[in-house]
Amino acid sequence: MKVFVLGGDGFCGWPCAVNLADAGHEVVVIDNLSRRKIDVDLEVESLTPIATMGDRLKAWEQVGGKPMRFVHLDIAGEYERLLELLRHERPDSVVHFAEQRAAPYSMKSSATKRYTVDNNVNGTHNLLAAIVESGLDIHIVHLGTMGVYGYGSHRGATIPEGYLKVEVPQPDGSRFEEEILHPASPGSVYHMTKTLDQLLFLYYNKNDQIRITDLHQGIVWGTNTEATERDPRLTNRFDYDGDYGTVLNRFLMQAAIGYPLTVHGTGGQTRAFIHIRDSVKCVQLALENPPARGERVKIFNQMTESHQVGELARKVAALTDAQINYLPNPRNEAVENDLIVDNRCFIELGLNPTTLDDGLLAEVVDVARRWADRCDRSRIPCQSAWTQTQAQAIQTT
Ligand code: NAD
Ligand code: USQ
C-alpha cells in the first residue's frame, strides 16, 4: 500500500518508515523538521549522531531498501499543501506521528504550552479535514499515548483498550449499557492535546466515517531496529536531555557515563513501556488490519510491560553498578500508582514482545556507552517544573 508517514524524521517515525518500506510498502515521509529545530533552541543534540533526511534516504537506497520520498511540510500550518498532496498522491493510509511529544517541554513556559496545543490540535484537525475534503477513503493510524487515561486513580482496575462499559440510569429507573471513551485525565499540556485528539477522532469517525486506529502507546525505549542498523547513516535518534529524554533511556545513558540515576520523588510512579522494535511492528500490524468503513475508532493499548520508575532504576543499577539519586519531583503527578493494562489486541495479532530482560544490557553497551562522549552532562537535569512550588524546590537542589 501507499503510506504517508507524518513525523517520519522523529524517534518513532523514522524506524517505522524504514520498516514499512522494508515490508514492501510505498512510503512518503512528511516532516517539517521541527524536532531538529527544537534541539537547536535547547542547545542539545541526540546522543547518537543522526544523518540529514537526504543522507538517510540515500543510505536506505544504498543498502538495497525500497526507495522512499520526503516532503518538507508543516501539517499544522500548511493546510492547502497537505490537501493537494493527499489529492495528488492518493495514499491508502497515513501514519500520524507529527506532534510535539515531550511533557516537560510542553510545561516549560506559556510559549511552549501554546505551541504544543496549536501544533498538535491543528495538525490532527487539518489532517482530518483534508481527508474529508479530498473525498478519499484513507485509514489514519495515530500515535496516541497511555497517558490519556491518567495515572493514579484506577485503584487496581484494568485499563481497557479505549472504551469503558457504563450503565446509564434512566428516569423510569431502568438502566442501559453503553460504551464510552475511557475518561481522560491528562497529566501535562502535551498529554491534554492527546485527549483532544481523541475527541476529534470520535467526531470525524461519527460524522464522516473516517477510518481511524488510535494507538495508545506507552514509553518507548531502545534506539535501533534491525533495519536502522544496516548503515550508520540510518541510526535513530536517542534523546537524553531533561526535556525530551524518556525515563528508561535516560537511566541507561546515565549509567553508561557514571551519572547517578535521576529518580523523581520516591520512584513509585508506574508506567507502561514498549521497545522501539515492537513499536514499529505494532504500527505495521495496525496498518495491515484496518477498521471497516463505518466501524468506530479502533483503540489499541500499545505497550508490553509495566514497571515502577524506582524498580527500573534498581534494575539498571544492578546491571551497571550505577548510583541512584532520589530528586524532588518537578512534575505534578501521583507519588505512587497501580497500572494494569489490557493489551490483548496486539498480542492476538501476533506481537511477540522484546522484554527489558532481553534488551537492557545491549542498549547500554551498544548505544549509551558507545556515544557517551557526545553527552553534555549539563543538559541532563529536568528543569521544567509543573508548578511554581516545584520550580523553587528543584532550584534549591
Ligand atoms: P519526535 O519528536 O521524535 O518525532 C515527531 C516528529 O514529528 C518530528 O520529526 C517532528 O519534526 C515532526 N513534527 C512535529 N510537528 C509537525 C508538524 N506540524 N508538521 C510536520 N511534522 C511535524 O517524537 P516521537 O518520540 O517519535 O513520537 C512520535 C509520536 O508518538 C508522537 O505523537 C508521540 O506523542 C507518540 N508517542 C511517543 C512516545 C515515546 O516514548 N517517544 C510514547 C508514546 C507516544
Ligand atoms: N522520570 C523520572 N526521572 C527522569 C525522567 C522521568 O523519575 O529522569 C519519571 C517521570 O516523573 C514520570 C515517568 O518517569 O513519572 C515517565 O516520564 P517520561 O519522561 O519517561 O515519560 P512521559 O513524560 O510520560 O512521556 C513519554 C513520551 C510521550 C508519551 C508518554 C507515554 O515523551 O510522548 O506519550 O511517554 S505515557 O507515559 O504512557 O503517557
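Coordinate-derived values only; no laboratory data. Here the structure is a predicted model, which is why all the values come from computation and not from measurement. In this analysis, Cβ positions are derived from the backbone assuming ideal geometry, glycine residues included, and neighbour counts consider all displayed protein chains.
Points to keep in mind about this one:
- Distances between placed amide hydrogens fall under 5 Å for residue 221 paired with 274, 275, 276, all partners being 5 or more residues away or on another chain.
- Charge dipole (the chain, unit charges on Cβ, about Cα centre) - positive-most of 383, 350, 162: 383
- In this Cβ point-charge picture (+1 for Lys and Arg, -1 for Asp and Glu), the stretch 192-322 has a dipole of about 280 debye about its Cα centre.
- Projecting the Cα atoms of 300, 285, 313 onto the charge dipole of the chain (Cβ charges, centred on the Cα centre) puts 313 farthest toward the positive pole.
- Over 22 Å apart at the Cα level, from the set 206/281; 165/206; 37/298; 2/281, are 206/281; 37/298.
- Cα centroid of the stretch 320-378 to Cα centroid of the stretch 64-122, whole Å: 26 Å
- Derived scalar couplings ³J(HN,Hα) [the stretch 349-366; Karplus, 6.51 cos²θ - 1.76 cosθ + 1.60; whole Hz; x for Gly, Pro]: 7, x, 5, 10, x, 7, 9, 4, 5, 6, x, 4, 5, 4, 5, 5, 6, 6
- Net charge dipole, the chain: roughly 480 debye, given to the nearest 20, about the Cα centre with Cβ charges of +1 for Lys and Arg and -1 for Asp and Glu.
- Fraction of antiparallel bridges per DSSP, the chain only, in percent to nearest 5: 20 percent
- Integer Hz, Karplus 6.51/-1.76/1.60 couplings in order for the stretch 67-75, x for Gly and Pro: x, 10, 10, 10, 10, 7, 8, 9, 5
- Under 5 Å from the amide H of residue 2 lie the amide H atoms of 26, 92, 93, each residue being 5 or more positions distant or on a separate chain, with H modelled from the backbone and absent for Pro and chain starts.
- Burial ordering of 221, 386, 14, fewest other beta-carbon atoms within 10 Å first: 386, 221, 14
- Qualifying GluC sites (Glu not before Pro) in the stretch 63-144, DSSP loop, other Cβ atoms within 10 Å at most 10: none
- Options 116, 59, 134, ranked by Cα towards positive dipole end of the stretch 45-184, top entry (Cβ charges): 59
- Ordering of 101-109, 204-212 by burial proxy (mean other Cβ atoms within 10 Å per residue, highest first): 101-109, 204-212
- Taken as Cα centroids, the stretch 150-217 and the stretch 10-24 sit 29 Å apart, rounded to the nearest whole angstrom.
- Its Cα centre serving as origin, the stretch 3-87 has a Cβ charge dipole (Lys and Arg +1, Asp and Glu -1) of approximately 260 debye.
- Overall, the anisotropy analysis places the stretch 67-201 in the oblate class: the square-rooted eigenvalues a ≥ b ≥ c of its C-alpha gyration tensor yield a/c not less than 1.5, with a/b not exceeding b/c.
- Shape of the stretch 126-224, Cα gyration tensor, a/c cut at 1.5: oblate
- In this structure the amide hydrogen of residue 101, modeled in the peptide plane, comes within under 5 Å of no amide hydrogen from residues 5 or more places off or on another chain.
- Shape call, the stretch 240-326: gyration tensor on alpha carbons, a/c limit 1.5: prolate
- Using θ = phi - 60° and Karplus 6.51 cos²θ - 1.76 cosθ + 1.60, couplings along the stretch 312-323 (whole Hz; Gly, Pro as x): 4, 4, 5, 4, 5, 5, 5, 6, 10, 6, 5, 8
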